[in-house]
1. Within segment 197-220, which residues have the backbone N less than 17 Å from the label spot 7 Å out from residue 1 along Cα→beta-carbon, could you tell me?
2. For an R0 of 25 angstrom, estimate the FRET efficiency from the Cβ-Cβ distance between residue 159 and residue 214 and round to the nearest 0.05.
3. Does segment 175-222 come out rounded, prolate or oblate, given a ≥ b ≥ c as the square roots of the eigenvalues of its C-alpha gyration tensor, rounded meaning a/c under 1.5 and, failing that, prolate meaning a/b above b/c?
4. Give me Rg/Rg_expected for segment 2-256, where Rg uses Cα atoms only and Rg_expected = 2.2 N^0.38 Å with N residues.
5. Identify which of 55, 186, 96 has the largest mean-square fluctuation in a Gaussian network model of the chain, with springs joining Cα atoms closer than 10 Å.
6. Ranking 43, 57 by Cβ neighbours within 10 Å, fewest first, what do you get?
7. For a quick check, take a GNM of the chain with Cα springs below 10 Å and name the residue from 84, 114, 63 with the largest mean-square fluctuation.
8. Aspartates and glutamates within cross-link reach of residue 182: Cα-Cα under 16 Å, excluding same-chain residues under 8 positions apart?
Amino acid sequence: MLIDSHCHLEYKGLVEDQAGVLERARAAGVTGFLSISTRQREWDQVIATAERHSDVWASVGIHPHEADGHADLGEAALLAATAHHKVIAIGETGLDYYYDHSDRDMQKALFRRHISVSRQTGLPLIIHTRDAEDDTAAILTEEMEQGAFPALIHCFTASADFAAKMLDLGLTISLSGIVTFKNAKDLQEIAAGLPEDRLLVETDAPFLAPVPHRGRPCEPAFTADTARFVAALRGVTPEHLAEVTTANFRRLFGKAGL
């Protein structure tokens, strides 16, 4: 049993054959899916898909790329959306300075609004961070001092120092197919040493297909490939890795009711 803790079931590459995508994943041993939203206009569709499938859950949030287009989004809208029984997470949110598609101050402001909602609801915060380690760590440290909240770094690709800081703050770290790439030696070393109780796996489908599926749209079924690779890095069986990451998902995303 595996859970894809981060996929985009409404995105091009998956939505055209969503039923087939889910069936192929189930056949590969993936028994749960957290479908992530990145813009407010996606929320209803993401939630509707979760309503149709007992093994799919939803998040509500604004990706940092979309921050400029959601400058007026207040906490009330997020809070209202979290009332739905299939919404089990806040995000994805965070900071992305690699592309800078949105003003950095606006990214920070929305990040803090998401944090506030996570703190108020107890729902885990799903964090995207790219080329923004210092500001991400500073905001999380400051906000944790004002009141703890559950959170994870999705699709982790940052430094070992940043991983240590996140673990010290109590966060979970999720690994995507990037960990299987040949040029990901530093990430592989980090993945091998992560605490067992702070580890998740994901696809970020339809992006970042792992080896041996490079060059094609990623599917949630490929969670199994990433999990096998991570298990080998850590010197455990794929079955053990699946058991551990599923237990971690169950504990972090308690609203899923697993």
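None of the figures in this text is laboratory data; all of them are computed from the coordinates on show. These numbers come from a predicted model, not from an experiment. Cβ atoms come from the backbone with ideal geometry, glycine included; neighbour counts cover every protein chain shown.
1. Residues 200-201 qualify, since their backbone N sits under 17 Å from the label point.
2. Numbers: r = 24 Å, r/R0 = 0.96.
The calculated FRET efficiency here is 0.55.
3. Numbers: a/c = 3.30, a/b = 1.50, b/c = 2.19.
The shape class here is oblate.
4. Details: Rg = 16.7 Å, N = 255, 2.2 N^0.38 = 18.1 Å.
Here the answer is 0.92, to two decimals.
5. Taking springs between Cα atoms under 10 Å, the residue moving most is 186.
6. Numbers: 43 21, 57 28.
Least crowded to most crowded, the residues run 43, 57.
7. Ranking 84, 114, 63 by mean-square fluctuation puts 84 first.
8. 225
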